[in-house]
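Written out below as C-alpha cells is the structure these notes cover.
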Amino acid sequence: MLRYIASRAGTGLFLLLALSVLIFIMLRLTPGDPIDAYINPTIPIGAADLAALRERLGLDQPLPVQYFAWLAAALSGDFGYSIQRGGVPVLPLVLSRVGPTVLLMFTAIAISIVVGVSAGIISAVRKNKASDVGLSIVSFLGVSSPAFLTGLLGLYAFSVLLRWFPSGGMLTPGRPYSSLDLLYHLILPATLLSIAQGALIMRYMRGSLLEVLSQDYVRTARAKGVREFWVVVKHAVRNALLPVITLIGSTIGGAIGGAIFIESVFNWPGMGLLMINAVTSRDYSVIMCATLLTGASVILVNLLTDIAYAAVDPRIRNA
Amino acid sequence: MIGRTLGRTLAVAGLALASTALVALPAIAQSEEKTIVGGFDVGPGGFQGNFNPLTATAGFTWLNTYYEPLVTYTADLSRLKGELAGEYTASDDLTTFTFKLADAVWHDGEPFTSADVKYTFDLAMNPESGSIFAARLADVVSVETPDEKTAVVTLKGPNGGFLSTITQLMMLPEHELASKPAAELAQSDWWSTTPVGTGPFKFVQYASDQFVELEAFDDYRDGRPQVDKLINRYFANPAAAVAALRAGEIQFTYAEADDAQSFEDAEGFTVIPGDSFVLNYIGFNHRTELWNDVRVRQAVMHAIDRDTIIETLYNGAAKKAECNYVAPQYVPDDLIDYSYDPEKARTLLAEAGWEEINGGQELPWLTYYNSPQVANIMAAVQAMLADVGVNVAPRVVDVPTYNGIVRGDDVSQFPLVYAGAGNGPNPAQHNINLNSEQVPPNGNNIMHISLPELDTALASAMSEADPSQMDARWQEVCRVVNEQMPWGSMWVASRYGIASDSLEDFVWTPAPGGGPFEMNPEAWDIEP
C-alpha cells in the first residue's frame, strides 16, 4: 500500500511540475508582459525606463533562466512578489483569497440546496398545478441564465433600484469589522450565484421525486393509510435525494466558474477576482501561484480518492 | 399539504433575508464621523493597487491626498503653482530652479526639509528603485540644499518641461526610507501599509482590492481637513462605480460619456466635464512604406467626417484637432483645414498611387480602446475610409497585448493604430512621441515617425528659454504636424466625473494621469 501511495504521490508531483512548465510557457506566449500591462498607452514613458523595469524584474533574461529561478525559489516556499502590487508577497496574497471564495461558494451552495430541494418537492407534489408551472418557468430561466447576467441584473435591481444590499465589496469601507456587515454584503452575491445551481437541483429533484412517487412502495404506504406528508417526507424524498446528491457534487466545478464572474461583478475579494486582475495585468507570479495552488488541490483530492479506492479495493493497488 | 408547508418555509426564509437587509442597512449606516467615499482611482486617470508614487503612471488624484509634490497645476490645468514649495524661481536660461519650502510636517511629526527634496530626487533618478522618472530626470545635474528650507536643482541645459515633470514627483520622507536600499524599496510593503506623506490626509489601511482608508491629518499646515475620513473604493470598471454612486454608497466617481449623459437631469448629482488632454489619433506606422507619401496621410484626414462623428457619436463633447494640440495658445490661425472631402481624398490617393502602394488590400487597424463608443467610431471611420478606397479592419486587444505588439517588430500587425497620446497641459509631452530621436529604445515614438522638419521644430521648442517665445515655438510644432500629418490628428474628447450634491467645496478635473492639480482635499466637506 505504501508503495502505491508513493507511486501516486510521485505522479502527482510530476503533474504539478508539468503544470508549472505549461503555465509558464503559456503566459510567455500571451502577447504583452507585466510591463506592457503597466503602461497607460496615453502616458509618454520612454522605452529606456521600461527596459530598466524589465531588467530589474528579470524579464529580460532567457526563458529557461527565468523558469529555473522561479522554480528554485518556489521549491523553498518563496513564490516571489506580485509585480503589479508593489512588493506584496504572492503566497500570503493568494492564501488570503481562499477564505472569501470558500465563504461565497459554500453559502451559495447551501442556498441552492435548500431552495432547490424545497422547490423541487413543491413542484413534484403539486404536479401540473399553478405553483408547479410557475416554479418550472422560474427554474428554466435560472438554468439558462449565466452567472454574469444574473449578477448584473441582481446588482441593478437590489442595489441600485431597491438599495436593499450593497453594490459590492465584502465589508463597508471605514467601518469596524462586524459579522452582520459581512452577512449584509454576502447575501446578494451568494443568492445570485446560487440561482443556476438551485434551478438545476430543483429540476432534478422534481423529476426524481415524481419517479419515486410512482413506485409501488409509495403506493403501498398510501394504501396503509400513512398521511401524505409522511409519505413524501419519510418514504419518497430520501430516495429521491440520491441522484440529487450526486448532481450537487458534480456541479461544484460550475459553481467555481460562476463564483469568478460574481466576484468580478461584486468586487468580492476572492480567488476569482484575484485571478482576473492578475491575468489582465499579466501578473506572472500571482497567476503561477494561484494556478498551481488550484492544480495542487485537484491533484491532492484525486490522490486521496485514489488512496481511498485502493484501500477498499485491493485489485486497484495491485493493478 | 407538503407543498404548502415548504412554500411557507421558503417565504419565511425570503422574508428573513430581506429583513436582514433592512436591519443591517441602518445599523451599518450609523456613524458620527464625516466620511467621503469615492471611486478616486476609477477610469483612465486612476491606478488601483499602486501605492508607490515613483512607479505611478496614473492615480495622482488619490496619491495627492496624502503625498504632495513641490509644484502642482491649478485646477483648470492652465498654470503651475507651488505646493510644498511655497515659492519657486527659475533662472533666465531655465537651467537652475530654486525652491523655498513651505513649513510642512510629515504625518509622523518630523519637519519637511530640503534633505527630503534631495533624497526624493536621488531616489527618483535611480532606476534600481523602480522609478519611472529616471529618464525624464536624466538632465538633472545636482540638487543642492543651502539650508533646511531651500533646494536648488540644476539641469544640464534649458528644459521648459522640467517643472511640469516634477508635478508628479511626490516628496518622500528621508528619515523613513533612507535606511532601506533603493532596490528593496521597490518591493517594500511600506507603501501600502505605513506610508508617511505631508498631505492633508494620513494613511490608515488598505483592504486588498476593496478600498483604501485615510484619516484627517490634524497638523496639516493649511488646517485640519473638514472630513474625518476619506475612502477610495475600488471597482472592476467605471460601470460598477456608477452603480455604487446611484445606490448612494459613494459620493464621487469618474464615468464614461454614456453614463455621464444619463446623469445630466438626475437630481442630487453634478456632472463635472473636462478636457481629457488626450489626443486621439490614427497612427501611421512609418516602418511600413504605406504612408511614406504625405498625400496618403492627408487623404485619410479628408476622408473622415470628423464633424459628424463628434456631433453624433460624441454628442458634441469633443474638440476637433487639426494638429497635435487643441489648446488655443498652441494652435496658429493659418493651418490647413482638413474638412470632410472624400473627392479630394480620392484625388490625393490617386496622385500618390495608392492602387500600387496597397490598393484594396485590407489593413489591420489596432486599438486598445474597448468601449462601445469607440467601437462605433471605428466602424464609422472604417466605412468612410472604405468609401475612398482604403480598407481597414479594426482589431481590439487589451492594453498589454497592444503594448506588446506596438513595441515589437512585427509591423504587419499594426500598419495603423487608433490610440491616444497625452497632449497637455505640458505641450512638451509630445516630444517623446514624435521626435525621431525618441524611437525606442530611447523614447516612446512607437510609430517610428522621422520627419526632419518636425524634429527641428520640437528641438527648438524644447530648448526655448524665453517664456515669451514658448507659445510661438509650440505653434510651429503644431503647424508642421498639421502640414505633415505624422499621425492623423482626430479629436480631444471630454471626460467626466460625477459628484453627489452632498459634497461641498469638492474640486476635481479629469486631468491626464489623474493630475496632480490644486484640489485642496482639506476643504472637501459632506452634508451630514
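The table below lists the values:
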quantity: Protein accessible surface hidden between B and A, which excludes ligands and nucleic acids, total in Å², probe 1.4 Å; calculated: 5900
quantity: In Å², nearest 10: area of A:Lys129 left accessible to a 1.4 Å probe; calculated: 120
quantity: Rounded accessible area per residue of chain A, 1.4 Å, Å²; calculated: 48
quantity: Beta bridges per DSSP with both ends in chain B, % antiparallel, nearest 5; calculated: 80
quantity: Exceeding the 31 Å Cα-Cα cut-off - candidates B:Lys81/B:Lys202; B:Lys100/B:Lys156; B:Lys81/B:Lys320; B:Lys156/B:Lys320; B:Lys100/B:Lys320; calculated: B:Lys156/B:Lys320; B:Lys100/B:Lys320
quantity: q = 0.09, 0.20, 0.21 Å⁻¹: log10 I(q)/I(0) that the Debye formula gives for segment A:181-319, counting C-alpha atoms only; calculated: -0.51, -1.12, -1.16
quantity: For segment B:380-392, Karplus couplings with θ = phi - 60° (6.51, -1.76, 1.60), whole Hz, Gly/Pro x; calculated: 5, 5, 4, 5, 5, 5, 4, 4, 9, x, 10, 9, 10
quantity: Whole-number accessible area per residue in Å² for chain B, which is evaluated in the context of all protein chains at 1.4 Å; calculated: 38
quantity: Among A:Val232, A:Ser208, A:Thr191 - extreme Cα towards positive end, dipole of segment A:98-269, charges at beta-carbon; calculated: A:Val232
quantity: In sequence order, calculated HN-Hα J values of segment B:431-447 (Karplus, 6.51, -1.76, 1.60; Hz; x Gly/Pro); calculated: 4, 5, 9, 10, 7, 5, 6, 9, 5, x, x, 6, x, 10, 7, 6, 8
quantity: Accessible-area composition of chain B, carbon plus sulfur, in percent [1.4 Å probe]; calculated: 49
quantity: Where B:Tyr254, B:Tyr206, B:Tyr67 fall by accessible area, highest first, once all protein chains stay in place (1.4 Å); calculated: B:Tyr206, B:Tyr254, B:Tyr67
quantity: Qualifying lysines (Cα of each under 30 Å from Cα of A:Lys234; at least 8 residues distant if same chain); calculated: A:Lys127, A:Lys129, A:Lys224
quantity: Segment A:98-269, accessible surface, carbon-and-sulfur percent (1.4 angstrom probe); calculated: 71
quantity: Rounded, prolate or oblate (a/c below 1.5 giving rounded, otherwise prolate when a/b exceeds b/c) for chain A by Cα gyration tensor; calculated: oblate
quantity: Rounded tilt (10° steps) of A:179-213 against the dominant C-alpha axis of chain A; calculated: 50
quantity: Rounded to the nearest 10 Å², the accessible area of B:Asp189 at probe 1.4 Å; calculated: 80
quantity: Mean projected area in nm² (Cα convex hull; one quarter of hull surface) for segment A:217-257; calculated: 3.3
quantity: Three-way shape label, chain B, alpha-carbon gyration tensor, a/c 1.5; calculated: oblate
quantity: Cα gyration tensor category, rounded, prolate or oblate, for the protein assembly as shown with a/c compared to 1.5; calculated: prolate
quantity: Along principal axes, Cα extents of segment A:98-269, largest first, whole Å; calculated: 64, 29, 26
quantity: Cys with no candidate disulfide partner in the protein assembly as shown (beta-carbon separation under 4.7 Å rule); calculated: A:Cys289
quantity: Shielding by partners, peptide A:49-55 (average Cβ within 10 angstrom, other chains); calculated: 6
quantity: As computed over segment B:275-493, the Cα convex hull volume per residue (Å³); calculated: 114
quantity: Amide H contacts under 5 Å for B:Gln205, placed H, 5+ residues apart; calculated: B:Glu213
quantity: Ranking by accessible area, most exposed first, for A:Arg282, A:Arg315 with a 1.4 Å probe; calculated: A:Arg315, A:Arg282
quantity: Loop-resident sites, segment B:324-424, for chymotrypsin sites (Phe, Trp or Tyr not before Pro), counting at most 16 other Cβ within 10 Å (DSSP); calculated: B:Tyr340
quantity: Nearest-20 debye value, the protein assembly as shown charge dipole, Cβ charges on Lys, Arg, Asp, Glu; calculated: 6020
quantity: Exercise: per-residue mean of other protein chain Cβ atoms within 10 Å, B:204-210; calculated: 6
quantity: For B:Val326, distant residues with modelled amide H under 5 Å away; calculated: none
quantity: Karplus-derived 3J(HN,Hα), 6.51/-1.76/1.60, for each residue of segment B:46-63, Hz, glycine and proline x; calculated: x, 8, 4, x, 9, 10, 9, x, 6, 10, 7, 9, 7, x, 6, 4, 6, 4
quantity: For A:Arg97, solvent-accessible area (1.4 Å; no DNA, RNA or ligand), Å²; calculated: 0
quantity: Taking chain B and dividing mean pair separation by its residue count, relative contact order in percent (alpha carbons under 8 Å, at least six apart); calculated: 21
quantity: Sparse-neighbourhood loop sites, chymotrypsin sites (Phe, Trp or Tyr not before Pro) in segment A:124-200 - DSSP loop, at most 14 other Cβ within 10 angstrom; calculated: A:Tyr177
quantity: For chain A, calculated [θ]222 nm from helices alone, where every DSSP H run of n ≥ 4 adds -39500 (n - 2.57); calculated: -24000 deg cm²/dmol
quantity: Cut-off under 5 Å, modelled amide H: who pairs with B:Tyr496 long-range; calculated: B:Ala255
quantity: Within chain B, helix-based [θ] at 222 nm, where runs of 4 or more DSSP H residues each add -39,500 (n - 2.57), nearest 500; calculated: -9000 deg cm²/dmol
quantity: GNM flexibility winner over chain A from A:Ala190, A:Ala221, A:Ala290 (Cα, springs under 10 Å); calculated: A:Ala221
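The values are calculated or read from the model by the stated rules, or taken from the named source; none is laboratory data. Keep in mind it's a predicted model, so treat the numbers as computed, not measured. Every residue, glycine among them, receives a Cβ derived from its backbone with ideal geometry; neighbour counts consider all protein chains shown. All accessible areas refer to the heavy atoms of the entire protein, side chains included, with ligands and DNA or RNA removed. Shrake-Rupley method; radii C 1.70, N 1.55, O 1.52, S 1.80 Å.
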